[in-house]
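**Student:** I have a structure here, written as structure tokens, and I will follow up with some questions on it.
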Amino acid sequence: MVGERGANCDGDRYHPWLANRLWHSLLNLSVKKNTYLGRWWTENVWAYFDAFASKKGVKIPWYSYHLFMNDDEFFKYDYMYKFVQFIVNTNRKKIFVANINNKGLKDFFRANTYITIPSQNWSYEYGKWLKIIEMEVEENAILLISAGMCSKVLIDEITDRHNLTCIDLGSSFDLLATGQKSRSWKHSYEDELRYYKNFIPKN
């Protein structure tokens, strides 16, 4: 979004189309009802976005970056447990979008549909994946997504046309899904298994 070249920590490449769509999504999501955007913890990052949005007359609805995050403190509290409990028990249609490594989360969240996207750079075929995902969308569904930078673009566009709940889980459940750390957490796989033991499928 600031014009750098290269890729993020997951190997997802930066490119101009994605940058432009992310800027558009940031502004567009910020003026939608019931929207909460995770504020990156370093001030230079969120202050940069705030300054840009302010020039456009927009106030970003920041919330805790760790709102849906299995970080190193989460298992001391019950908020993530209650979040998963709600998702598991709701009768609303649940659509999960992520790469093949997280496939086990379909059964964990009792999702109706799992859409497997490429691990990296699906933004280059965004139109194709948008159509596939949108075919599964119904009113009042819940879309859970762990799909990198372009997740924000998808959420913005789908909520322009449909009334549904979209939750960008990012990498929060990677460890539970794979047993391998995709981020530098200090807690263990076993910590997450114990915390979520009531929801872990028998298989």
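The values are calculated or read from the model by the stated rules, or taken from the named source; none is laboratory data. Treat the numbers as computed from the prediction; the structure is a model and nothing was measured. Cβ placement follows ideal geometry from the backbone for every residue including glycine, while neighbour counts extend to all protein chains displayed.
**Student:** Given (1) within 21 Å of Leu26 (Cβ to Cβ); (2) crowded, with 19+ Cβ neighbours inside 10 Å; (3) touching a residue at least 40 places away in the same chain (Cβ under 8 Å); (4) not hydroxyl-bearing (Ser, Thr, Tyr), where does Leu175 come up short, assuming only one miss?
**Tutor:** For Leu175, the failing item is (1).
**Student:** Based on this model, can you work out whether Val153 counts as at pLDDT 95 or above and either in a helix (DSSP H, G or I) or not aliphatic (A, V, I, L, M) (or both)?
**Tutor:** Yes: the conditions hold for Val153.
**Student:** For the condition in a loop (DSSP other than H, G, I, E, B), more than 19 Å from the chain's Cα centre (by Cα) and either at pLDDT 95 or above or under 19 Å from Lys82 (Cβ atoms) (or both), what is the one hit in Asn198, Asn163?
**Tutor:** On inspection, the qualifying residue turns out to be Asn198.
**Student:** Another one. Determine, yes or no, whether Asp160 is charged (D, E, K, R) and touching a helix residue (DSSP H, G or I) at 6+ places or on another chain (Cβ under 7 Å).
**Tutor:** Considered against the rule, which asks whether it is charged (D, E, K, R) and touching a helix residue (DSSP H, G or I) at 6+ places or on another chain (Cβ under 7 Å), Asp160 comes out as no.
**Student:** Please report, ordered by residue number, the helices (runs of 4 or more DSSP H) entirely within the range 7-112 with at least 2 residues that are surrounded by 12 or more Cβ atoms within 10 Å (Cβ to Cβ) and either without any contact (Cβ under 8 Å) to a residue 60 or more places away in the chain or among the polar types (S, T, N, Q) (or both).
**Tutor:** Here the list reads 16-30, 43-55, 79-89.
**Student:** Okay, moving on. Only residues that are assigned to a helix (DSSP H, G or I), hydrophobic (A, V, I, L, M, F, W, C) and closer than 30 Å to Lys131 by Cβ: list them for the range 166-195, please.
**Tutor:** The answer is Leu176, Ala177.
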